[in-house]
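Here the structure is laid out as structure tokens; the discussion comes afterwards.
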Amino acid sequence: MDFAMTDEQRLIVEQVRRFVREEVAPLEDKLDPDESRLGPDDYARLVSKVKDMGLHGLGVPPEYGGPDIDTVTMTLIAIEISQHRAGLYSPCYGSFGGAGLAHLYEASEDLKKRYLYPTLNGEKHGFFGLTEPSGGSDPARAIQTRAVKDGDDWVINGAKIFISGADKAEYGIVFARTDAGKGRNGITCFIVDTDTPGFHVRRVVHTLRSAYYATELQFENMRVPSANVLGEVNKGFAIANDRLSRQRIPYAASCIGIAIKAQAMCVEYAKLRETFGAPLATRQAVQWMVVDNEIDIRTARWATLDAACKADRGEPFRTEAAMAKLLSTEGASRVVDRAIQIHGGYGVTKDLPLERWYREMRIRRIGEGPSEVQRLVMARDLFGASL
């Protein structure tokens, strides 16, 4: 398959690459190595420049003000905007905007007015609440949060964990079981306001990401109006499943960007650093590590662009997205690990971004479905059966 960029894509990539190199990377010289946010003035300046490029609101449909670009082009952009210290979880510090909770585009007009439009305007922020203490790899069975119909309301009781941004959000998308006997066909998706009585942020869950954290939530007799059902009753799992499949493509792309940047650092350092009278680049052990890096990068990039191409053509892409996620997270983890080894003692210092990427890449092999689940997804499709 030919993944050569069009002239337009090449122009966009070069423009974004220059933006990261000249506008974003220099700011990090003044920031704490684990910082993930910019000051308001720097952030506003970057957003203004992104809008001038016509690329603000990546993933937002054109009819809602986003750029009219396809999935392949967005994937190429995602690879580029992650290539800086904070790029894995805060690409360009959020200056490109984003789709946010994408399924709000399919909501009723009432829900759009109350949640989608304020989100696009930056007036509201939401969270995605799927994973529970009982498990996250098999959400169809692990969801124990219950919603019971009571008049015009649903009463929700249960808990969620590893939920990002819930303590600072005005609302969230929460999945709850509404029919205990139907498995994945008994789950409904609700939009809940965080100021609703019975909504509690029980604790902050700290992880390997120093600047970011997750939360644990609890719902105690939380009443949600029927008008806040997103989609149809008992059909919420399809919303979660579609979101996870689509998110795996940009998720993979950002990992590839980090790997590309780490590889460039390896090549540059190996040419300059001398041991026993010769550059590291002349040592076979280092040469092979760099070659293995390149193999991991190119394999992951091919798989991710393949998934993006199928998505653009409207073809099934669940297996391809799972493969992209698996190859990119595991491959980029190996690349960063080798990069640390090549840089020696400097590789584990906060002078370089490698140690931060090492920690954050470890999370990537779990987030959006662990590697084992990606293999299960592919196996299901290959065998044509539910395993």
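Of all helices (runs of 4 or more DSSP H) completely enclosed by the stretch 1-93, which ones contain at least 3 residues that are surrounded by 17 or more Cβ atoms within 10 Å (Cβ to Cβ) and among the polar types (S, T, N, Q)? Spell out the reasoning first.
Numbers: elements: 7-19, 40-53, 71-81.
So the answer is 71-81.
Anything in the stretch 225-273 that is among the polar types (S, T, N, Q) and closer than 17 Å to ALA102 by Cβ? List them, or say none.
First pass over the stretch 225-273, keeping only residues among the polar types (S, T, N, Q): 226, 228, 234, 241, 245, 247, 254, 263.
ASN241, SER245, GLN247, SER254 - these are the residues of the stretch 225-273 that are among the polar types (S, T, N, Q) and closer than 17 Å to ALA102 by Cβ.
I'd like the full set of residues that are part of a strand (DSSP E or B) and either basic (Lys, Arg) or open to solvent by less than 50 Å² (accessible area, probe 1.4 Å) (or both), limited to the stretch 197-216.
Initial filter on the stretch 197-216 (part of a strand (DSSP E or B)): 199-206, 213-216.
Within the stretch 197-216, PHE199, ARG202, ARG203, VAL205, ALA214, THR215, GLU216 qualify.
Is it the case that the stretch 201-212 has a residue that's over 30 Å from ASP34 (Cα atoms) and not β-branched (Val, Ile, Thr)? It would help to see each step written out before you state the result.
The first filter runs over the stretch 201-212 and keeps only residues over 30 Å from ASP34 (Cα atoms), leaving none.
Scanning the stretch 201-212 turns up no residue that is over 30 Å from ASP34 (Cα atoms) and not β-branched (Val, Ile, Thr).
Is the stretch 180-203 home to any residue that is touching a Ser or Thr at 6+ places or on another chain (Cβ under 7 Å) and within 30 Å of ALA303 (Cα to Cα)?
For the stretch 180-203, residues touching a Ser or Thr at 6+ places or on another chain (Cβ under 7 Å) and within 30 Å of ALA303 (Cα to Cα): absent.
Run down GLY331, GLY314, GLY345 and say which single residue is out of contact with any helix residue (DSSP H, G or I) (no Cβ under 7 Å at 6 or more places or on another chain) and either at pLDDT below 95 or open to solvent by less than 50 Å² (accessible area, probe 1.4 Å) (or both). Steps first, answer last, please.
Numbers: GLY331 fails: out of contact with any helix residue (DSSP H, G or I) (no Cβ under 7 Å at 6 or more places or on another chain); GLY345 fails: either at pLDDT below 95 or open to solvent by less than 50 Å² (accessible area, probe 1.4 Å) (or both).
Matching residue, one of GLY331, GLY314, GLY345: GLY314.
Report, ordered by the first and then the second residue, all pairs with beta carbons closer than 7 Å, sequence separation of six or more or different chains, a first member in the stretch 16-28 that is more than 10 Å from ALA86 (Cβ to Cβ), and a second member that is part of a helix (DSSP H, G or I) and open to solvent by less than 20 Å² (accessible area, probe 1.4 Å).
VAL16/ILE77; VAL16/GLU80; VAL16/ILE81; ARG17/GLU80; VAL20/GLU80; VAL20/ILE81; VAL20/CYS92; GLU23/LEU46
Can you tell me which condition ALA240 does not meet? The list is (1) more than 19 Å from the chain's Cα centre (by Cα); (2) of a type outside the set (Lys, Arg); (3) open to solvent by less than 30 Å² (accessible area, probe 1.4 Å), and all the others hold.
So ALA240 meets the others, but not (1).
Does GLN263 count as under 26 Å from VAL72 (Cα atoms) and assigned to a helix (DSSP H, G or I)? Give the steps one after another, and end with the answer.
Values: under 26 Å from VAL72 (Cα atoms): yes; assigned to a helix (DSSP H, G or I): yes.
Yes: the conditions hold for GLN263.
Between LYS160, LYS112, LYS149, which is open to solvent by less than 60 Å² (accessible area, probe 1.4 Å), charged (D, E, K, R) and not in a helix (DSSP H, G or I)?
Numbers: LYS112 fails: not in a helix (DSSP H, G or I); LYS149 fails: open to solvent by less than 60 Å² (accessible area, probe 1.4 Å).
So the residue among LYS160, LYS112, LYS149 that is open to solvent by less than 60 Å² (accessible area, probe 1.4 Å), charged (D, E, K, R) and not in a helix (DSSP H, G or I) is LYS160.
Looking only at the stretch 224-260, count how many residues are under 23 Å from ALA78 (Cβ atoms), out of contact with any Pro (no Cβ under 9 Å at 6 or more places or on another chain) and hydrophobic (A, V, I, L, M, F, W, C).
Qualifying residue count, the stretch 224-260: 8.
Name the residues in the stretch 170-190 that are open to solvent by 10 Å² or more (accessible area, probe 1.4 Å) and either over 16 Å from ASP138 (Cα atoms) or of a type outside the set (D, E, K, R) (or both), would you? Step through it out loud before you land on a result.
Going residue by residue through the stretch 170-190, those that are open to solvent by 10 Å² or more (accessible area, probe 1.4 Å) are 170, 177-185.
Of everything in the stretch 170-190, those that are open to solvent by 10 Å² or more (accessible area, probe 1.4 Å) and either over 16 Å from ASP138 (Cα atoms) or of a type outside the set (D, E, K, R) (or both) turn out to be GLU170, THR178, ASP179, ALA180, GLY181, GLY183, ASN185.
So GLY98 clears everything in (1) crowded, with 17+ Cβ neighbours inside 10 Å; (2) closer than 26 Å to LEU244 by Cβ; (3) out of contact with any Lys or Arg (no Cβ under 7 Å at 6 or more places or on another chain) except one condition, right? Which one?
The number of the failed condition is (1).
Hey, among the residues in the stretch 363-379 that are in a helix (DSSP H, G or I) and either acidic (Asp, Glu) or crowded, with 20+ Cβ neighbours inside 10 Å (or both), which one's modelled with the lowest pLDDT?
Per the stated criteria, the residue is VAL377.
Okay, residues lined up against (1) surrounded by fewer than 17 Cβ atoms within 10 Å (Cβ to Cβ); (2) of a type in the set (Asp, Glu):
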{"residue": "GLN218", "(1), (2)": "no, no"}
{"residue": "MET222", "(1), (2)": "no, no"}
{"residue": "GLU232", "(1), (2)": "yes, yes"}
{"residue": "LEU244", "(1), (2)": "no, no"}
{"residue": "ALA262", "(1), (2)": "no, no"}
{"residue": "ALA270", "(1), (2)": "no, no"}
{"residue": "PHE276", "(1), (2)": "yes, no"}
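Please tell me if THR194 is open to solvent by less than 30 Å² (accessible area, probe 1.4 Å), of a type in the set (Val, Ile, Thr) and more than 30 Å from LYS310 (Cα to Cα).
Judged against the criteria, THR194 is not a match.
The values are calculated or read from the model by the stated rules, or taken from the named source; none is laboratory data. It should be emphasised that the depicted structure is a prediction, and the values quoted were computed from it without experimental measurement. In this analysis, Cβ positions are derived from the backbone assuming ideal geometry, glycine residues included, and neighbour counts consider all displayed protein chains. These accessible areas exclude ligands, DNA and RNA; they are computed on the full protein's heavy atoms, side chains included. Shrake-Rupley method; radii C 1.70, N 1.55, O 1.52, S 1.80 Å.
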